[in-house]
Structure formats: structure tokens, C-alpha cells
Amino acid sequence: DAKTTQPTSMDCAEGRAANLPCNHSTISGNEYVYWYRQIHSQGPQYIIHGLKNNETNEMASLIITEDRKSSTLILPHATLRDTAVYYCIVRAAGGGGADGLTFGKGTHLIIQP
Amino acid sequence: DTGVSQDPRHKITKRGQNVTFRCDPISEHNRLYWYRQTLGQGPEFLTYFQNEAQLEKSRLLSDRFSAERPKGSFSTLEIQRTEQGDSAMYLCASSLGANDRYTFGSGTRLTVV
């Protein structure tokens, strides 16, 4: 069973903020929210992760709702190179194998010039 | 950090042949993972290693598949008697430990004709 729900695709204008939503209503207390992206013909690339606090790094910001049932990945100034499939993944602390990274179909984000 | 390397990048083989892929993880990473990805789908977990020990295998890993990590460094994934359904991208990832982010290689694209 999928632990996360994401829109199939989204468009965003170059230079604008891209906001990618993710629902994870059955998340457990020890499960983190991870975001990866996959540019065509490459392996997935780590973006950011968080438990319950909002997080920011050089690539993106992660906003997690107070009840932790949903989150939003924000790319503040999207460029054409941000066109990719974005995966929101719920992962238990220490999880490996089938309890590690389990990918859904993700959101195909298309940045429009 | 030289990243995760996979070889070859592409492999075309005839049905019934055996193929072997190699993955070189980041040198200090203890964990190594294999995933398979078919067109339009997210990566699917196959198996993972902690050092040289294979800790978990997915039900997707039929008895025609075998993976090794003999010295706890590089890993090989062998597929015997390939079938057309084995055509996919095979991704390798590594992580420092149980709670750390995965770093993926660029994958080996297998085409069985």
C-alpha cells in the first residue's frame, strides 16, 4: 500500500516558486518524510528530509504540517534544470530494505520557460 | 566523494543469456542497495547489504537473480537466463548507515531482445 499520495504532474513557470504537495495521512511517529528527484536517465537524487520541523537547505524547503499528515516541498526559484520526477517518501528511522526508501510514481514537475 | 558508479551504463542481451552488473559504492558506505525501475514507475527495492552480509531480498528477486558483495565494497548483480520482462533500469545506491540518505548511481539500462 502506498504511504504517500502525490499529484501525477505539475507545471511551474521558470523563476517562480514550485510547491509540490504530498499527503501521508498514515505516517507514524518515528517516520521521516524524504524527498528525492529523478532527472531523465539519471538515478534519484536526495533533496531534503524532515521529521516534524520545517527544514531548509541549499536546494529546497520542506514544510510539514503540524499533524504531520501532509507536507510541501518548495523550490524557491525554479529553473529548467528542475524539470524532473519528484518523489515524496515516508521512511522509518533505521529502515532499510523494504522499510527503507519505497518509491511511488512521484510528481512529474515541468518547468516552463 | 566520487559518487556511486555503475557499469555498464547500457546492456543489450539476447533472451536466455546471463548478464552481470557491477556497482561501486561510496567507499566509506556500509550499506548497498539494488533497485529496479521500469518505464513510468518509481524504483522498486530488490535487495540490500550491510557490509558483505545480504540482509534482505524482495519477492521481486526471483531465483534467476543473485547479488553479492564479497568484500563489503563493490557489488555485483547477476541475472541468469534473461527474459524480456527483465528489461529495466537497474539502480544501485549506498548509504553510510541505517539512518543516512541514499546516494544513487546512474543505473544500468538492460534491454533483453
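As for the range B:69-86, it holds no residue that is in contact (Cβ under 8 Å) with a residue 40 or more places away in the chain, at positive phi and within 14 Å of another protein chain (Cβ to nearest Cβ).
Taken together, the residues in the range B:5-49 that are more than 14 Å from the chain's Cα centre (by Cα), polar (S, T, N, Q) and more than 18 Å from B:Asp86 (Cβ to Cβ) amount to 2. Being exposed (fewer than 15 other Cβ atoms within 10 Å of the Cβ) and of a type in the set (D, E, K, R) is a condition met by at least one residue of the range A:100-108. Here A:Ile47, A:Ile64, A:Ile110 are screened, and the one residue that is within 14 Å of chain B (Cβ to nearest Cβ) and either of a type outside the set (Phe, Trp, Tyr) or under 27 Å from B:Ala88 (Cβ atoms) (or both) is A:Ile47.
Inside the range B:75-86, can you point out the residues that are surrounded by fewer than 17 Cβ atoms within 10 Å (Cβ to Cβ) and not charged (D, E, K, R)?
Restricting attention to the range B:75-86, the residues satisfying the condition of being surrounded by fewer than 17 Cβ atoms within 10 Å (Cβ to Cβ) are B:76, B:78, B:80-81, B:83-85.
Scanning the range B:75-86 gives B:Thr76, B:Gln80, B:Gln84, B:Gly85.
Checked against (1) within 12 Å of another protein chain (Cβ to nearest Cβ); (2) out of contact with any Leu (no Cβ under 6 Å at 6 or more places or on another chain); (3) buried (at least 18 other Cβ atoms within 10 Å of the Cβ), A:Val90 passes all but a single condition, namely (1).
Table: residues versus (1) within 20 Å of B:Gln17 (Cα to Cα); (2) at pLDDT 95 or above; (3) in contact with a strand residue (DSSP E or B) (Cβ under 6 Å, 6 or more places away or on another chain); (4) polar (S, T, N, Q).
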{"position": "B:Arg36", "(1), (2), (3), (4)": "yes, yes, yes, no"}
{"position": "B:Leu39", "(1), (2), (3), (4)": "no, no, no, no"}
{"position": "B:Leu61", "(1), (2), (3), (4)": "yes, no, yes, no"}
{"position": "B:Phe65", "(1), (2), (3), (4)": "yes, yes, yes, no"}
{"position": "B:Arg69", "(1), (2), (3), (4)": "no, yes, yes, no"}
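If the condition is being free of Cβ contacts under 8 Å to residues at least 40 places away in the same chain, of a type in the set (D, E, K, R) and surrounded by 13 or more Cβ atoms within 10 Å (Cβ to Cβ), then the range B:15-61 contributes B:Glu44, B:Glu52, B:Glu56, B:Lys57.
The values are calculated or read from the model by the stated rules, or taken from the named source; none is laboratory data. Keep in mind that this is a model prediction, so the values were computed, not measured. Quick reminder, even Gly has a Cβ in these numbers, built from the backbone with ideal geometry, and neighbours come from all protein chains shown.
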